[in-house]
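First the structure, in the form of C-alpha cells, and then the observations on it.
The values are calculated or read from the model by the stated rules, or taken from the named source; none is laboratory data. Owing to the predicted nature of the structure, the values given are computational and were not obtained by experimental measurement. With ideal geometry, Cβ positions are generated from the backbone for all residues, glycine too; neighbour counts draw on all protein chains shown. These area figures cover heavy atoms from the full protein model, side chains too; ligands, DNA and RNA do not enter into them. Shrake-Rupley method; radii C 1.70, N 1.55, O 1.52, S 1.80 Å.
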Amino acid sequence: MLHAGGTVGIAATPEDVVALATAQRINRLVLMPFWVDQLVAALPRGTRLAIEQIEVGGAFLPAPLHRLA
C-alpha cells in the first residue's frame, strides 16, 4: 500500500478514526475486534465512510461484530 502512495493514519479514539477517515477518505482499516462496535457508535447518523476493507486481528471476532463491520 505505501509503495503505491498510501498513507498511514493513527487514531486514539473511535471519534478520531471517524474524523480521520472522513477527512482523508481512508478506504482500509486495520483494527482489533473490540473497536468495531465502538466505531459504529461513533459514526454520526447518516454518515457513510469510504471504507472498502476492514482487517480485524489480534483477537476472536464474534459474529455480531462481524455483521456490524
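Summary table
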| item | result |
| --- | --- |
| Members of segment 36-48 found to be outside any loop (DSSP other than H, G, I, E, B) and either of a type in the set (A, V, I, L, M) or in contact with a strand residue (DSSP E or B) (Cβ under 8 Å, 6 or more places away or on another chain) (or both), listed by number | V36, L39, V40, A41, A42 |
| Criterion violated by L61 - all others in (1) in contact with a Pro (Cβ under 6 Å, 6 or more places away or on another chain); (2) open to solvent by 60 Å² or more (accessible area, probe 1.4 Å) satisfied | (2) |
| Selection count, segment 39-53, where residues are among the aliphatic types (A, V, I, L, M) and farther than 14 Å from L20 by Cα | 2 |
| Number of positions in segment 1-27 that are over 11 Å from A50 (Cα atoms) and outside any loop (DSSP other than H, G, I, E, B) | 9 |
| Members of segment 49-69 found to be in a loop (DSSP other than H, G, I, E, B) and touching a strand residue (DSSP E or B) at 6+ places or on another chain (Cβ under 8 Å), listed by number | I51, E52, G57, A69 |
| Search result, residues across segment 45-66 that are of a type outside the set (G, A, S) and within 14 Å of the chain's Cα centre (by Cα) | T47, R48, L49, I51, E52, Q53, I54, E55, V56, L65, H66 |
| Residues satisfying the stated conditions in segment 1-29, i.e. surrounded by 12 or more Cβ atoms within 10 Å (Cβ to Cβ) and among the hydrophobic types (A, V, I, L, M, F, W, C) | A11, V17, V18, A19, L20, A21, I26, L29 |
